[in-house]
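The structure under discussion appears below in the form of structure tokens.
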Amino acid sequence: MIGFATRRLIQAMIVMLVVALLAFTMFRFVGDPINQMVGIETSIEEREALRERLGLNDPIPVQFLRFVTKAAQFDFGTSYQFRQPVSELFAKRIPATLELSFMSALFALVVGIPMGIYAGLNRDSAISKMFLSVSLIGISLPTFFIGILLIFLFSVTLQWLPSFGRGETVQIGSWWTTGFLTVSGLKALVLPSITLGLYQMTLIMRLIRAEMLEVIRTDYIKFARARGLPDRLVHFRHALKNTMVPVITITGLQLGSIIAFATITETVFQWPGMGLMFLQAVQNVDIPIMSAYLLLTAFLFVAINFIVDIMYFLIDPRLRVGRP
Amino acid sequence: MKIKSTLMVSALLAGSMLTTAQAETLKFSFQGTLNALDPYSLNETFTLHALGNAYEGLTRRGPDLTIEPALAESWEVVEPNRWRFKLREGVKFHNGNDFTAEDVAFSFERVRSEGSDLTTRVPADATVEIVDDYTIDFVLSGPNPILHYEWDTWAIMDKEWTEANDAVKVTSASDTTPNYAALNANGTGPFKIVSHEPGVKTVYETNDGWWDEATHNLTGVEFTPIGSDATRVAALLSGEMDMVYPIPVQDIKRINDNSGTVALTGPELRTIFLGMDQMRDELLYSDVEGANPFKDERVRKAFYQAIDIEAIKQKVMRGLSTPSAIMISPFLFSKGGEFERYPYDVDAAKALMAEAGYPNGFSVGMDCPNDRYVNDEAICQAVAAMLARIGVKVDLNAQPKAKYFAKILASGGYDTSFYLLGWTPGSFDSWNVLDNLMNCRDESGAGSPFNNGGFCDAKIDELTDQILVENDPVKRDELIAEAYTISHDNAYYIPLHQQGLAWGVADNVELVQRADNAFHFRFVTKN
């Protein structure tokens, strides 16, 4: 067990290093940060002095080593545009992203599961067919387009929901802010959560439908029916339970990608989370923020995969055999 | 017609405001963010003016950009090299401290210290002498008629407050921790900044102790940056925002058609122009070998005459641009109206090309930003199509500004043959244009650093030096006109137009749209 975990851990660290290297190499091609930091009339000498102070003139390996050493200590430096430590900026933005991700995951589950069950049980009904066509839209339309569509329908035309931002937030503790406790905060969550969660909802719905169709055909369901159990019990107690295993795995993995890829949704709704900050950083060549974000995302995926691996190991005895 | 294309929307009636003063919060949005609150951190229009609501300079500019007294009540040039400023008495900073000559002297040293991005606000070799608490002298090494032109955006800071909070050094990008002044503001202006979350929201509150009579009726202002054009426009249309800017020109009609909002348009000061590499002996991006066609005046004029500026105005800018014959807005130069563009004439252009030895044209690479100016990439595409008519094959390279500027400016080694750029003189004065864009430069950029094409005309250099020290305004304008005439006659640049401003405003809000794209809350009334 320990040997397995150590091996996985070493692999995870290698992945992180590779991501760091890729991220670092990429920054060579995004443009000149100095131009974004100063006004256009700033003289060449001042620009050069700034470049020197930031260490941008050092040899690449030196810069990379410095970057990795500091990143290992969670020091990502100071943002070029905000002139504040990157770790502090991220701490301020994390609550917004996590709350949005949580709500979209909740939306995907609460809406996706019933739809999936229904479509699985009544595969030929008109409503099931409608669900399937709607879900096709969820998969095929790009996120930003869905977001803009929702904004123009619910904000501009009907004026029910806000088109941007988090509404009023409440401070909890020293660094967490929440939008759950105010009316405007909750209203502001609706459109971005739907936009972000639509794809996952579609995925979960289709997954459950497929599993349901599969399970309904199995012997034990037929047997349960033969025993005269009511439909309700057969469907929800016996069938649904067995469809949930892959759904839980997928949901867990998808949560990671919801957090990591909230970028587009956050940009469309001006949601003050990490993704929006990342995109602004890209436009302004704010390298410290970009690198921190990429590493954080990589870390998220590596951590989730690591946990999943360990869990497989615990669940599946076959992995243990022949591997001391 | 709902478009009001005057420079100002309305002159506010100060008298009527006093009786109808009503508690109102203005919500507005801009495409970019307000980062550090230190007024010397970034020399950029939005930052300077967003902070300019809380901080003030010795001077300020009115709705039509005329210079007015602000923290200084009056000033005079007592000797050719000595400027005396009489300061306003009884002015208090937001924290209650008194404003005195000490603060001006302190701000003078701080604005030109290391880490400041506004070092050009004061001449490097100038000194300051405090005469008494409310009189201060600036001593220069030579005459400078435009010393105070940019002082509306040179914020005066409180010496005591800055020193007490250990913020004397300007937060520079290489510092690991921001200083107090980067996160807090303490000015003398009509609004105080009460909270600031960079990139998320900034909240202003009215300063009741402001020295001047308030003509606005606001109690507070909320600023939210919205980067996405569609979302920004939607926020206005849905009534969540009272004012958003800029708005894409293609959305102007939509905003005017919507009841309750109106698009406010007017000419901006920025001049968009094309530049050509006239320095290298062979172009970097061209099929012409062993020669640089742009060194030939006829080729430059052919390019100029091949461009149908009216088509660009109508099709690309949707009417929202003012074609220009010189490199500065006519608002900023008294003789600006005397210049005329070379007429659009494809046949004449073809003849010029043939005369210069390129009857079949040639190919040239063109650099263009795609997120910097209004419809910048579309302008370049139009230019490429127009040049194709005289046989010039343009290879367009449109990139985000971060990459674009890194390539074409000094830091990229002026890696360009043909480019589109925009320029607004920070001082609103022609000397800035001549000094930055039209003087000779060497390979590293010493001289005119933004003369990317690197043309060199000794006469313009000579005139620039004379203009700098000429105190007689009439004579000075004649010298400036002479310099622009040389540039025009030789077609060193191809000026295109001054782009337009487009702001989206709710019907119940009245404000002033200044041609420098600055938004000052003190001109706003909300009903």
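Where a number appears in this text, it was derived from the coordinates with a stated rule and is not lab data. Since this is a predicted model, take the numbers as computed values, not measurements. Cβ placement follows ideal geometry from the backbone for every residue including glycine, while neighbour counts extend to all protein chains displayed.
Please report the equivalent ellipsoid semi-axes of the range B:36-172, computed as sqrt(5 x eigenvalue) of the Cα gyration tensor, largest first, in whole Å.
Values: eigenvalues 87, 57, 53 Å².
Equivalent-ellipsoid dimensions as semi-axes: 21, 17, 16 Å.
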For the protein assembly as shown, what is the calculated [θ] at 222 nm in deg cm²/dmol (nearest 500), taking -39500 (n - 2.57) for each run of four or more DSSP H residues and dividing by its residue count? -13000 deg cm²/dmol
Is the range B:269-500 rounded, prolate or oblate when judged by the Cα gyration tensor, a ≥ b ≥ c being the square roots of its eigenvalues, rounded requiring a/c under 1.5 and prolate requiring a/b larger than b/c? rounded
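What fraction of the DSSP beta bridges in the range B:269-500 is antiparallel, stated in percent and rounded to the nearest 5? It would help to have the intermediate numbers written out before the result.
Working: 16 of 24 bridges.
The answer is about 65 percent antiparallel.
State the antiparallel share, in %, of DSSP beta bridges confined to the protein assembly as shown, rounding to the nearest 5. All intermediate terms of the calculation are to be shown ahead of the outcome.
Numbers: 61 of 79 bridges.
Taking every DSSP beta bridge with both residues in the protein assembly as shown, the antiparallel ones total about 75 percent.
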Projecting each Cα onto the charge dipole of chain B (Lys/Arg +1, Asp/Glu -1 at the beta carbon, about the Cα centre), which of B:Gly62, B:Gly319, B:Ile480 comes out farthest on the positive side? B:Gly319
Take every residue in peptide B:315-327, count the Cβ atoms of other chains within 10 Å of its Cβ, and give the average of those counts. 0
Take peptides B:470-482, B:185-197 and line them up by average Cβ neighbours within 10 Å, highest first, as a rough protection proxy. B:185-197, B:470-482
Hey, which aspartates and glutamates would be in cross-link range of A:Lys129, C-alpha to C-alpha under 20 Å, not counting anything within fewer than 8 residues on its own chain? A:Glu211, A:Glu214
Separation of the range B:102-118 and the range B:123-146 by C-alpha centroid, Å? 13 Å
Explain nothing, just the number: relative contact order of the range A:49-199, from Cα pairs under 8 Å at least 6 residues apart, as a whole percent. 22 percent
Reach of B:Lys315 by Cα under 16 Å, taken over lysines that are not fewer than 8 positions away in the same chain: B:Lys253
First check a/c for chain A, with a ≥ b ≥ c the square roots of the eigenvalues of its C-alpha gyration tensor; if it is under 1.5, answer rounded, and if not, answer prolate when a/b is larger than b/c or oblate otherwise. oblate
Positive end of the dipole of the range B:36-172, charges at C-beta (+1 Lys, Arg; -1 Asp, Glu), about the Cα centre: which of B:Thr135, B:Ala164, B:Leu71 has its Cα farthest in that direction? B:Leu71
Compactness check, the range A:86-279: C-alpha Rg relative to the 2.2 N^0.38 Å globular estimate gives 1.19
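Rounded, prolate or oblate for the range B:230-388? Axes are the square roots of the Cα gyration tensor eigenvalues, ordered a ≥ b ≥ c, and the cut-off for rounded is a/c under 1.5. Intermediate values should be presented prior to the final figure.
Numbers: a/c = 2.66, a/b = 2.13, b/c = 1.25.
The shape class here is prolate.
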Residue by residue through B:113-122, how many Cβ atoms from other chains fall within 10 Å of the Cβ on average? 3
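Of the cross-linked pairs B:Lys295/B:Lys407; B:Lys301/B:Lys335; A:Lys70/B:Lys192, which ones have a Cα-Cα span greater than 26 Å in the structure shown?
Listed pairs above 26 Å: A:Lys70/B:Lys192.
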P(r) of the protein assembly as shown over all Cα-Cα pairs, 10 Å bins starting at 0, rounded to whole percent, reads 2, 11, 19, 22, 20, 13, 7, 4, 2, 1, 0
